[in-house]
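Chemist: If you scroll down you'll find the structure; I have some questions about it.
The values are calculated or read from the model by the stated rules, or taken from the named source; none is laboratory data. Predicted model, so just to flag it, every value in this text is computed and none were measured. In this analysis, Cβ positions are derived from the backbone assuming ideal geometry, glycine residues included, and neighbour counts consider all displayed protein chains. Note: accessible area is taken over every heavy atom of the protein model, side chains too, but ligands, DNA and RNA are not part of it. Shrake-Rupley method; radii C 1.70, N 1.55, O 1.52, S 1.80 Å.
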Amino acid sequence: MLADALEHLVRGIVDHPDDVEVTSRTLRRGDLLEVRVNPSDLGRVIGRSGRTARALRTVIGALSASGAVRVDVVDVDRR
Amino acid sequence: MTNETNQIETAVSPADAVVETQPGPDEVAPSNRLEEEGEIAADYLEELLDIADLDGDIDIDVDHGRAAVEIVTESEDARSLNRLIGADGEVLDALQELTRLAVQAKTGERSRLMLDVAGHRQARKVELTAIAQEAIDRARAEGADVSLPAMNPFERKVIHDTVASASLVSDSEGVEPKRHVVVRAPAQA
């Protein structure tokens, strides 16, 4: 559910919604959600001073029933 | 850490925003645009509620030149929406931020939309108006500036509006998250 919620939230704020990909991984310390977007949308998802990424984390954290969730925005270009 | 532009205190002219060319009428009346903002926001939020399996409906309104969108519930369990408000309304603010961006992504223009959840902001507004009134009375009685606790942009705006309507002056001082309102003492007669 959290991955779907995150994907929906991100798809709504980018220019290339079809390029949005969210993968969910279970780590020892809790869930990790990784967001990949079109490189041209990276700034949108991070926002000035990381403000948008922070808002995404706040909302996803609030929806999580099972404790802390890490949300990472992955810069595809650097991989 | 934050150097956010204060969207409530600094009105952003729509003319500054990039407008994408759209077919149809050359100029859309502002109220139509605000209604459109509300509808885009409602779609965005409705699907989120759906995915998160939260019980809620979306009300759309236009208030003081802004789209006003509220998530409401008729369910007995109003607490289910509390998680969308969060401590000190931080989740509500984050959700409002994302909703504004979702509107901007569709319209190409910056949105000043206000989001509320289950009357939270409205209730807070009543509290804040009382806090402002108390500060106004003190500034008048003591002839000294009155500093209020740190508040978010929405809260400061309510205080500034109340102070202005009492014909006094107030300023915001400090840096987020410690930014707070100071109610100035009235000028000596």
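Chemist: For helix A:51-63, report the angle its Cα long axis makes with the longest principal axis of the Cα atoms of chain A; keep it between 0 and 90° and round to the nearest 10°.
Modeler: Taking the Cα atoms of chain A, the angle to A:51-63 is about 30 degrees.
Chemist: What shape does the range B:123-183 have by the C-alpha gyration tensor, where a ≥ b ≥ c are the square roots of the eigenvalues, rounded means a/c under 1.5, and otherwise prolate means a/b greater than b/c and oblate the rest? Walk me through the numbers before you get to the answer.
Modeler: Details: a/c = 1.83, a/b = 1.24, b/c = 1.48.
Because a/c hits 1.5 or more and a/b fails to exceed b/c, the range B:123-183 counts as oblate.
Chemist: What length, rounded to one decimal in nm, is gained on full extension from A:L32 through to A:A65, with 0.36 nm per residue of separation minus their alpha-carbon distance? Before the final figure, lay out each step's value.
Modeler: Details: separation 33, 0.36 × 33 = 11.88 nm, distance 1.42 nm.
Result: 10.5 nm gained on full extension.
Chemist: In whole angstrom, and with the biggest value first, how far do the Cα coordinates of the protein assembly as shown range along each principal axis?
Modeler: On the principal axes, the protein assembly as shown reaches 67, 53, 44 Å in Cα extent.
Chemist: Mind checking the mean number of beta-carbon atoms from other chains within 10 Å of the Cβ atoms in B:36-46? Before the final figure, lay out each step's value.
Modeler: Values: counts 0, 0, 0, 0, 1, 1, 0, 1, 5, 1, 0.
Averaged over the peptide's residues, the number is 1.
Chemist: Divide by every residue of the protein assembly as shown the summed helix terms, -39500 (n - 2.57) for each DSSP H run of at least 4, and state the resulting mean residue ellipticity at 222 nm, rounded to the nearest 500 deg cm²/dmol. Can you show the working numbers first?
Modeler: On the way: 7 runs with 105 residues, N = 268.
One gets -13000 deg cm²/dmol as the mean residue ellipticity at 222 nm.
Chemist: Now a separate question. Relative contact order, percent, of the range A:4-79 when contacts are C-alpha pairs under 8 Å separated by at least 6 residues?
Modeler: Working: 99 pairs, mean separation 23.9, N = 76.
Dividing the mean separation by the residue count of the range A:4-79 yields 31 percent.
Chemist: A follow-up question, please. Provide the descending list of Cα extents for the range B:30-118 along its principal axes, expressed in whole angstroms.
Modeler: 37, 25, 22
Chemist: Still on this model: Percent of Cα-Cα pairs per 10 Å bin, from 0 to the last occupied bin, for chain A, please list those.
Modeler: 19, 56, 23, 1
Chemist: Something else about it: With every protein chain left in place, what is the accessible area of B:V126 in Å² (1.4 Å probe, nearest 10)?
Modeler: That residue has around 100 Å² of solvent-accessible surface.
Chemist: Also, quick follow-up: Given points 7 Å out from each Cα along the Cα-Cβ axis, report the B:E74 to A:S40 separation in nanometres with one decimal.
Modeler: Result for the modelled spin labels: 4.5 nm.
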